[in-house]
Structure formats: structure tokens, C-alpha cells
Amino acid sequence: MALTLAVSGFLILRVHPRLYWGETGNDLTPALIEFPIAPNYPSDSYTEPARFAGMPASAVTATRTREPWNQNGWARSLHFLAAWLLILPGLMYLTLGLSAGHFRRHLVPRSTDLAGPVLKRELIDHLRFRIAPATGGPAYGAFQKIAYSGVVFLVVPVIILSGLTMAPAATAAWPWLLDLFGGHQSARTIHFFGFVGLVGFVAVHVVMVVLSGFGTQLRGMTIGRKE
Amino acid sequence: MNQRGRISRRQVIAAGLTLAGGAAAYLRWPGTLPPTYGNLLRMGDNLTYAAHRVLFSRNALAREYSVADVTPFPATGTYDPGLGDTPLAETYRRLRAAEFADWRLVVEGRVARPQAFSLADLKRLPSRTQVTRHTCEEGWSAIGQWTGVPLRAVLEAAGILSTARFVKYSAYDGWVDSIDMVDALHPQTILAYGMNGRDLPIPHGGPLRIRVERQIGYKSMKFLARLEVTDTWDDGGDAGHIRSGWAWYNGA
């Protein structure tokens, strides 16, 4: 599902590979970032911009002269379907994680985890690739707890909420979403960088799983047993 | 819990079954859902539609801005329905040549008084001006000021029947689409004849377009020709957005 979201998300970005900050942004406004992703880059297929009569000079319009590449008909629906299929188990995970004490016991860093000497030792160990052998589950190291908590309580909620902020029905009902993210296009940009952060997490996570003992960790994640 | 603080497999399975049951009941939501054509994507669209209708207030208004917030606004999709040699294009060219004096919006179907409204007729009905954000499925957005008549006022003028469930609209560029009564009767759903203080420019849908502010841009169809009130869901044939692979409800 996560892979489906990543692929369909990329296809959606490919239709309009420009990110903006604020409420709005389009081909007639400057981009914060423009990705050189073919075929809709650069977005130059417009008539000369002309001002709306009686409006401020900045309010211009131009007519598109070439139909862009666009597979959003299925890519968007696939993205939302995959989102549903992740959100429903995600809610289950949250409910169980809270009610069974999994978050409190294993995920949230304790004050002892955040003590200077502990963090310093972990940092040195990580830099030297001295990885603790696999246990097939908790207890987790301090860095591990910080990374997991960051993903579960920050990055994923931000991705979900910024995604919702792009939905006009959602922002009509919950206008605070627009204020939270500073506008529709800001939410789109944050959604993208949330994805980048998640990709980074997954990359590091996979490397650590392999380095610490692939077989044991995989058994721990799937059937929940060490052996 | 077999071990302190661990999530047991039994708990996971029980929660999964509860959730699946809830989801199945949810899909039985009593309102009319559009057909899925056996397509998994359309099933997901229906889940989104049902969830939006269940979770979100039906009367919630899309945010409105001030005229100072109006932004550049690209004209995309059809920019001139008079191009081409279809009967619709020919009709549009003829109407435009007479500055739309002979243009009429046909309103028919489940209404007591089917009729054809001229632009002057529509302008005599109550008007609403709103500055809203247009959110395109492609990913861009723009703010514009729209002036028009609430769709509700037009439907009431035509005597909408109590059995009405959907409003289908078709346009001079050949597209057909529809919305449910939640969106059709929403105060911000207007038939706009003005944009940014002037007549609606042709590249933006002149002489008349619909604004459906709580859905994605393509539902706000340009170059309107006809409204049909229906009591059953209708995919609009080959010209319907859903037939070409697009979600019918697109509030996301």
C-alpha cells in the first residue's frame, strides 16, 4: 500500500511538477521548486498572459495551448484507495498501541533514553556501524525510539492531514486545516516533503534491519517470535 | 494480552474483523452510490463519497476570500468550444456571433415547469458573488471571484420535484456530469455568468459555468447548455467524466 501511494503520488506530482508556498499556485505564478520531470516540464505552453480587466495587475489569465500529460483519472483514485487501505489499519494500530501500552512501554523515549551520555554513546556506536544484534522486537534503542516516535506521531499524521488539506470538501468542513498548514499549496509542499522524510526513514530502517540480523528481525515483525 | 504490553495476534484479528464488519456496514450506506463498473478504483471513490457525506457537515461553506486575494488564473481544458465541426460547436459559434442573445439554458427532467432561461432571465434571479479557490486535479489552484445565480434558485424557479436526487449538466464542449442534491442545493453552488467583476470570459466557460466549490475543478464545468434533474443516477453516457475514468464524486 505504501508503495502504491508512493508510485501514484509520483504520477500525480508528474502532472504538475511544481510546488508552491501559500494558498494558491499555478503555471502563471512563480514556483517554490520546479522539478525537471518530463513531460510537463517546463510548463511553457500558454498564450501571453493578459490582465483581467478592472483587477489588480497581478491578476492575469492565459490560455493553455497544449494538453499536458495526465494520468490522474486513475492515479488519484488509486492514491485515495491506497490511503483508505492504510488509514483503516493505521487507526487499528493506534487504538491497540494506546490501549495495550505498546506506545508507552516501547515507543516513546524515556528520560533515561534522552540523557546526554546515552545519546552520545548511541551516536558513536551508529557512526562506527556497531549495531546491537537483533532481538526481534522491543526493547528499542534510544535512536530507534526517537525515529519510530517521529514517524508514528509526527511524520505520518502530518502526511495524512496535509493530504486532507488538499481536499476541497475537507477544508470546507474543517477550515482549520488551511490555517494549520498555511494554505492549500503549502499543504501540498509539506505533503511532498513528508513523503521524502518517510522514504529516508524506510531506507535507514531497511539498512539497520539487514545489519542487525535480517532473519531474526523479519520473524519478529511478522510472526512475532524470535526463533 | 499474552505478554505485558505486547499486542497479541488475537487482538489484531479481532480488531480486523470488527473493522471489516464496520466497513461492510458502511458501504451499505442508504444513499445512492454510483455504479463501480466492477472497478476497484470506483469502489474506493464510493468509499470517499460515503465518508465525506457521513463525516463532513453538508452545509459547510468553502472558504471565501477577498477580491484582493484574486490570483492569476490559467484557462485549461476546453478554451473555445466553437472549434471543431460538431453540431454543438456550430451552435456555439452561432450563439457567440450574436453575443449569446439567443443562448438559453434548458432546465428539464424532474421539474414541474421545464423551461429555457436566457442570460437576462438568470440575471433577474437572486445573485451571489463569491471569491473562492479553484482546485484543479492536476495540482494547481487559483482564486477567482464568481458572480451568478445559486443553482438552488434556478431549480426552484423551475419547480424541482421532491423526488429529485441528482442534477445532470451538459456543456457545449461535449462534457456531461452530475452532482447530488447535497451539492446542488448548497448555497455556494452557483451558475456563474461573471468572473472577476466582468462577464465570464469564454476561455473560462462563458457565457455560463457551474461552480461546485467543495469538489475538484473539473466538476465546475464550463459552457453550460442544459440541466436535467433526475431521480436516478445517470453516468451521462460516453461524454460522462466517469466513463472516461474519472471519479464521479471528487471532493478529495
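How many residues are surrounded by 16 or more Cβ atoms within 10 Å (Cβ to Cβ) and part of a loop (DSSP other than H, G, I, E, B) when one looks only at the range A:1-20? Number of matching residues: 3. Only a single criterion out of (1) at pLDDT below 90; (2) more than 9 Å from chain B (Cβ to nearest Cβ) is not satisfied by A:Leu88, namely (2). Filter the range A:68-81 for residues that are more than 8 Å from chain B (Cβ to nearest Cβ) and part of a helix (DSSP H, G or I); which is nearest to A:Asn26 (Cα to Cα)? Ranking the candidates gives A:Ala75 first.
Restricting B:Ala192, B:Ala239 to residues that are more than 10 Å from chain A (Cβ to nearest Cβ) and out of contact with any Lys or Arg (no Cβ under 7 Å at 6 or more places or on another chain) narrows the list to B:Ala239. For the range B:207-236, a residue qualifies if it is more than 11 Å from chain A (Cβ to nearest Cβ), out of contact with any strand residue (DSSP E or B) (no Cβ under 7 Å at 6 or more places or on another chain) and not polar (S, T, N, Q), and the qualifying residues are B:Asp231, B:Asp235.
Does B:Gly148 satisfy the criteria of being part of a strand (DSSP E or B), more than 9 Å from chain A (Cβ to nearest Cβ) and either touching a helix residue (DSSP H, G or I) at 6+ places or on another chain (Cβ under 7 Å) or of a type in the set (Gly, Ala, Ser) (or both)? Criteria met by B:Gly148. Among residues of the range B:61-83 being over 18 Å from B:Thr135 (Cβ atoms) and in contact with a helix residue (DSSP H, G or I) (Cβ under 9 Å, 6 or more places away or on another chain), the one that is nearest to the other protein chains (Cβ to nearest Cβ) is B:Tyr79.
Within the set A:Tyr20, A:Tyr46, the sole residue that is within 11 Å of chain B (Cβ to nearest Cβ), touching a Ser or Thr at 6+ places or on another chain (Cβ under 7 Å) and in contact (Cβ under 8 Å) with a residue 60 or more places away in the chain turns out to be A:Tyr20.
The single condition from (1) in a helix (DSSP H, G or I); (2) more than 30 Å from A:Phe52 (Cα to Cα); (3) within 10 Å of chain A (Cβ to nearest Cβ) that B:Pro203 fails is (2).
The values are calculated or read from the model by the stated rules, or taken from the named source; none is laboratory data. Quick caveat: nothing in here was measured; it's all calculated off a predicted structure. As a convention, Cβ positions derive from the backbone with ideal geometry for all residues, glycine included, and neighbour counts pool all protein chains shown.
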